[in-house]
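This report concerns only the one structure given below.
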Amino acid sequence: MLVLGIESSCDETGVALYDSEKGLLADALFSQIDLHRIYGGVVPELASRDHIKRLIPLLNQVLTESGCTKQAIDGVAYTAGPGLVGALLVGASFAKSFAFALGIPTVGVHHMEGHLLAPMLEENPPKFPFVALLVSGGHTQLVRVDGIGRYELLGESVDDAAGEAFDKTAKLLGLNYPGGPEIAKLAMQGVAKRFSFPRPMTDRPGLMFSFSGLKTAALNAWQQCKAECDETEQTKADIALAFQQAVVDTLTIKCRRALEQTGLNQLVIAGGVSANKALRQSLEAMVAPLKGHVFYARPQFCTDNGAMIAYAGCQRLLAGEHGDLAVEVKARWPM
Ligand code: KG4
Ligand code: ZN
């Protein structure tokens, strides 16, 4: 089965072609980061307008790259939520009209299911069951995964998502959007132990997270340094490192707990923050004594992309799922 995947939930337009026999045939992405950077975050109206511009050229790109014709496509998968409604509507309308013209089925995919399954596109994919840590700009969740669509939420953030905390902390330090990669880069110059931030909610049992206090801890440290006329690049780097270490330690502690609680030793990390090298190293060290394994996607499939939607949609279409012609998207949607 050949499936066209469309991702347009936020600020990346992703289009890909996945074949159930041959694997991923082509993947094209346009990132709007430069468009939104001057605003310090995503402007929804600008995002929708840009998705409209990009979809057809990206579709033509994946057709050329794969050597496939439109007529060879068996189904269309699109991100139906959660995300920015206007942006989602662009991808959904495009998917429905394209599929209608070709007389093929569509399937609406949950964006986080796309992320969760992205490591399946890699050479040594995880096998069910496993624990997944989903860490993106909008979500921080621990999920037990027993199969496609068989997800049990183990814990999630009560306030900011991990990626959101990276973005907000970067903003207060005067760094560019998106903040995750900027903080990670700056942290490499940081001196350890100059600042120490809390590991929120690790002193009590359970698998819930809270990241909004960390951003405040970083803000207080930065304001105090400013008051002492110590606004140097080194100070910024030291705060970035302390912040990243606090997030990484917190995520690692909760992942260890989730593995202990479920008795599993396979951990999948997915979503934009799973691109973070310090997080990957810390989780790999944590699972080593459990003889476990950490699975993640290649960097470009950690952040938003069409390949993960094509893959997830293909699994759902193969299972017999498909939608009607109604264009429905959801800003909020539990997985
Ligand atoms: O999954 P994603 O592309 O979009 C959402 O579904 O939200 O995730 C984007 C988030 C942003 O908050 C970004 O700052 C963060 O992922 N991110 C990172 C890194 N790369 C992206 N956070 C930490 N370290 C990174 N290397
Ligand atoms: Zn995402």
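Bear in mind these aren't lab numbers, they're just calculated from the coordinates by the rules spelled out. Quick caveat, the model's predicted, so the values are computed rather than measured. All Cβ positions, glycine included, derive from the backbone under ideal geometry; neighbour counts span all protein chains shown.
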Among GluC sites (Glu not before Pro) in segment 2-72, those in a DSSP loop whose Cβ has at most 11 other Cβ atoms within 10 Å are GLU21
Full extension between GLU123 and ILE38 adds, at 0.36 nm per residue less the Cα distance, a length in nm of 26.8 nm
antiparallel share of DSSP beta bridges within the chain, to nearest 5, in %, is 60
Of 136-143, 280-287, ordering from highest average Cβ density within 10 Å down gives 136-143, 280-287
Quick calc, ARG194 & LEU318: beta-carbon distance into FRET formula, R0 45 Å, rounding 0.05, result 0.30
Treating only Lys and Arg (+1) and Asp and Glu (-1) as charged, each at its beta carbon, one finds that segment 1-158 has a dipole about its Cα centre, in Debye to the nearest 20, of 320
If the label point sits 7 Å along Cα→Cβ of ARG49, residues of segment 86-102 with amide N under 20 Å come out as 86-94
Of the listed links LYS96/LYS168; LYS215/LYS236; LYS127/LYS277; LYS171/LYS277; LYS53/LYS277, those spanning more than 25 angstrom between alpha carbons are LYS96/LYS168; LYS53/LYS277
